[in-house]
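I am attaching a structure below and will ask some questions about it afterwards.
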Amino acid sequence: MAEPILALEGVCKAYGALAVSDDLSMAVARGTIHALIGPNGAGKTTLVGQIAGQIAPDAGTVWFDGRDITRVPVHARSHLGLARTFQITSVLPGFTVLENVAVAAQAHAGHSFRFLRPVAGERALNDRAMQALETVGLTARAPMPAGALSHGEKRQLEIAIALATGPKLLLLDEPMAGTGREETERLVATLQALRGSVTILLVEHDMQAVFALADRISVLDYGRVIAEGTPDAIRGNPEVRAAYLGEEDAA
Amino acid sequence: MIRAVPSRSPIPLMLLIAFLAVPAIAGASDTSFLIVMATRVMIFAIAALSLDLILGYGAMVSFGHAVFIGIGAYAVGIGAAHEIYDGLITFPIAILAAGLFALITGAICLRTRGVYFIMITLAFGQMAYFTASSLSAYGGDDGLTMWGRSEFFGVAVLNDPTVFYVVVLGCLVACWGFARALVSSRFGRVIRGVRENRVRMQAVGYDPYRYQLVAYGIAGMMAGLSGALLANHAEFVSPAYMSWQRSGELIIMVVLGGMGSLHGAVLGAVAYLVTEEVLSHYTEHWRVIFGPMLILIVIYARGGLSRLLDRTGSGADG
Ligand SMILES: Nc1ncnc2c1ncn2[C@@H]1O[C@H](COP(=O)(O)OP(=O)(O)OP(=O)(O)O)[C@@H](O)[C@H]1O
Ligand SMILES: [Mg+2]
């Protein structure tokens, strides 16, 4: 098998006595959509934070694209090709939608120690931003302040911002949470379209979306990977049903 | 909410017209006091403008900004004490020394945030204040009197109040223009972005520290310029220039005028110093009156005087 784009080796993270990542190891293959599922509080967001760099693991190694990035700061990871969205929407509310995306493109297009030229007129950045907005279907909102978007639109904006950095690996933390049925379908289509051009690690509770999209699924419970495999294998796994899917089936 | 890039406001033009009118009015009524006072106001406006760059646009609440004024002033004052009156030497030194001090202290201060940042900038401010007080060779606590103003190309141009006024106005306009360009540039966008959401900016690939430090250095240089002008204006330098009260006054000017608009800081400096001048005519306890006024403005005019003016202006239009 080819070298995975992301590999976690024995990652540990504890908050007090609570082990949120418990000697966790997993790998994400290049070009795939890899879903990470698990019940509330399983440690999914904490894991995304350790991959993107906002949270430092207590022990273990994070490998990205053949490099040990465990001690690499967040901004430098972005330049290596890592991008994430946040479960709790995190945009620049006072910026326009376009500027939110353009500022992400700017970080990856030359340096930003330019002091005099008005940035709003930089065509290359705006074009790149509009392209990302088009991918998620937000072009009509470009001139609006980001703070004025609906919840679902902000979720899409998060993805556009991440895409504008030109990532190799996109970490999506519950992109569908709180969005309507229609928006979810749109998002599934968007991610389908991205398949192959960027590797995606998808944290999601919406099982329909997960089974529609994922090439592989890892199931997290109490900070451990309790199962991993193809969607069919996961669906049939009794341990997973007990820990997680059981609740859904019963409902 | 502070607008990302303020829409075009008539205030900068109104301020410019007012400043241009001062020499004419002063000339007609032969009140040199007016022109001297207005010069002082514009000098502080430059310092307030520089503070707005980091406070209003970068959310860096520096409680030691007056130190940069003090360093700029001492550069000119100490130069004068050694018979160096050439402004082409002392002004660049004033600006660079203040900028260097900003970079060195900023490198430490910017490792912290929020209240800690306020406290540590205050601490550096006090350190500089006591250092200046202990410079016995340069007057120590009592300050240092200059026996003349800076010269340019061998001419003491600043001795003429009107010429001095025009020079300061030129500096103010240049600083405003530069700051205006700065906040709309790539660099300014990063600074504004970090104010909006630091975590998000890191996630898309920026190291906020580097940008904030450079902004802090630029603001320090600008305040250093205002200090060099202030020393010439008063023909006197003293540690009081860097006191924490002075730093506090600069914050008040920026908040009073409206943070994050640049012209708001200028308006705030005008309003603060003119009010001080008028009220202190009636009572030495003028702060007792000024304090509540300030609170009312902060409560009822969010965005400060500049927002208030813009609103009444557009209200009259529509
Ligand atoms: N900074 C923190 N301090 C203390 N405990 C924390 C912290 N962050 C997370 N936790 C705890 O760690 C556990 C895992 O949290 P995490 O957010 O990673 O779960 P999750 O799998 O993303 O859950 P959800 O599906 O609800 O988003 C939870 O019990 C949470 O309360
Ligand atoms: Mg989560």
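When all alpha-carbon pairs of region B:11-317 are counted, what percent fall beyond 33 Å?
Details: 10224 of 46971 pairs.
That fraction is 22 percent.
I'd like to verify something in chain B: which complete DSSP H helices, judged by Cα projection on the helix axis, reach 24 Å or more and average at least -1.0 on the Kyte-Doolittle scale? Intermediate values should be presented prior to the final figure.
On the way: long enough: B:11-29 (26 Å, 2.22); B:32-55 (34 Å, 2.15); B:87-109 (31 Å, 2.20); B:115-133 (27 Å, 1.36); B:161-184 (35 Å, 1.75); B:208-234 (38 Å, 0.59); B:263-282 (29 Å, 0.76).
Helices passing the filter in chain B: B:11-29, B:32-55, B:87-109, B:115-133, B:161-184, B:208-234, B:263-282.
With a sphere of radius 11 Å drawn around the Cβ of residue A:9, what net charge do the other residues whose Cβ falls strictly inside it have (Lys, Arg +1; Asp, Glu -1)? Let's see the in-between values first.
On the way: positive: none; negative: A:23, A:68.
That sum, taken over residues with Cβ under 11 Å, equals -2.
Another one. Quick query: amide H of residue A:24 versus all other amide H atoms, modeled in the peptide plane; which residues come in under 5 Å with a sequence gap of 5 or more or a different chain?
Under 5 Å from the amide H of residue A:24: A:10, A:11, A:12.
Can you give me the long-range amide H partners of residue A:30? Hydrogens built in the peptide plane at 1.01 Å from N, cutoff under 5 Å, separation of 5 or more residues or another chain.
Residues meeting the amide H criterion: A:5.
What do you get for Rg/Rh of region A:6-250 when both radii come from the Cα atoms and Rh is the Kirkwood radius? All intermediate terms of the calculation are to be shown ahead of the outcome.
Numbers: Rg = 18.2 Å, Rh = 18.6 Å.
Rg/Rh: 0.98.
When chain B is modelled as a GNM with alpha-carbon springs shorter than 10 Å, which of B:134, B:247, B:150 fluctuates the most?
Maximum among the listed residues: B:134.
From the P(r) of region B:231-302, can you give the percent of Cα pairs sitting at distances over 20 Å? Before the final figure, lay out each step's value.
Working: 940 of 2556 pairs.
Beyond 20 Å sits 37 percent of the P(r) for region B:231-302.
Follow-up question, since we're still on this one. What's the angle, to the nearest 10 degrees (0 to 90), between helix A:123-136's Cα axis and the longest principal axis of chain A?
Orientation of helix A:123-136: about 40 degrees from the principal axis.
Separate question: Show me, bin by bin at 5 Å from 0, the whole-percent P(r) of region B:5-53 based on Cα pairs.
Each 5 Å bin holds this share of Cα pairs: 5, 18, 21, 23, 17, 9, 5, 2, 0.
Can you tell me the alpha carbon radius of gyration of region A:108-251 divided by the globular rule-of-thumb value 2.2 N^0.38 Å? Mind dumping the intermediate values first?
Details: Rg = 18.5 Å, N = 144, 2.2 N^0.38 = 14.5 Å.
Taking the Cα Rg and dividing by 2.2 N^0.38 Å, one obtains 1.27.
Just to be sure I understand: with springs between alpha-carbon atoms less than 10 Å apart, which residue in A:203, A:62, A:119 has the highest mean-square fluctuation in the Gaussian network model of chain A?
Checking each option, the largest mean-square fluctuation is seen for A:119.
Helix-only mean residue ellipticity at 222 nm, the protein assembly as shown, DSSP H runs n ≥ 4 weighted -39,500 (n - 2.57), per residue, nearest 500. What is it?
Numbers: 22 runs with 318 residues, N = 569.
It lands at -18000 deg cm²/dmol.
Here is a further query. Suppose we take every Cα in region A:122-177 and form the convex hull; what volume per residue is that in Å³? Show your work: numbers first, answer last.
Details: hull volume 4.7 nm³, N = 56.
Each residue corresponds to 83 Å³ of Cα convex hull volume.
Here's something else I'd like to know. Considering Cα pairs under 8 angstrom that are at least six residues apart, work out the relative contact order of chain B and quote it in whole percent.
Working: 509 pairs, mean separation 102.0, N = 318.
Relative contact order, chain B: 32 percent.
Can I ask one more? How high is the relative contact order of chain A, given as a whole-number percent (alpha carbon pairs under 8 Å, six or more residues apart)? List each step's numbers first, then the result.
On the way: 467 pairs, mean separation 66.6, N = 251.
Averaging sequence separation for qualifying contacts and normalising by length gives 27 percent for chain A.
Output the relative contact order of region A:77-144, whole-number percent, from Cα pairs under 8 angstrom with separation of 6+ residues.
Working: 37 pairs, mean separation 27.6, N = 68.
So the answer I get is 41 percent.
Just the Cα atoms of the protein assembly as shown, one point each, no solvent: what log10 I(q)/I(0) does Debye give at q = 0.05, 0.06, 0.07, 0.11 Å⁻¹?
Scattering profile of the protein assembly as shown, log10 relative to I(0): -0.28, -0.40, -0.52, -0.98.
Between residue A:204 and residues 5 or more places away or on another chain, which pairs have amide H atoms under 5 Å apart, with H built 1.01 Å from N, and which residues are they?
Residues meeting the amide H criterion: A:36, A:174.
Kirkwood Rh, region B:76-115, all Cα pairs: how many Å? List each step's numbers first, then the result.
Details: mean 1/r = 0.0856 Å⁻¹.
Radius from the Kirkwood sum: 11.7 Å.
Computed from the coordinates by the stated procedures, all read-outs in this text should not be read as laboratory data. Remember, it's a predicted structure, so these values are computed and weren't measured experimentally. Note: ideal-geometry Cβ built from the backbone for every residue, glycine included; neighbour counts use all protein chains shown.
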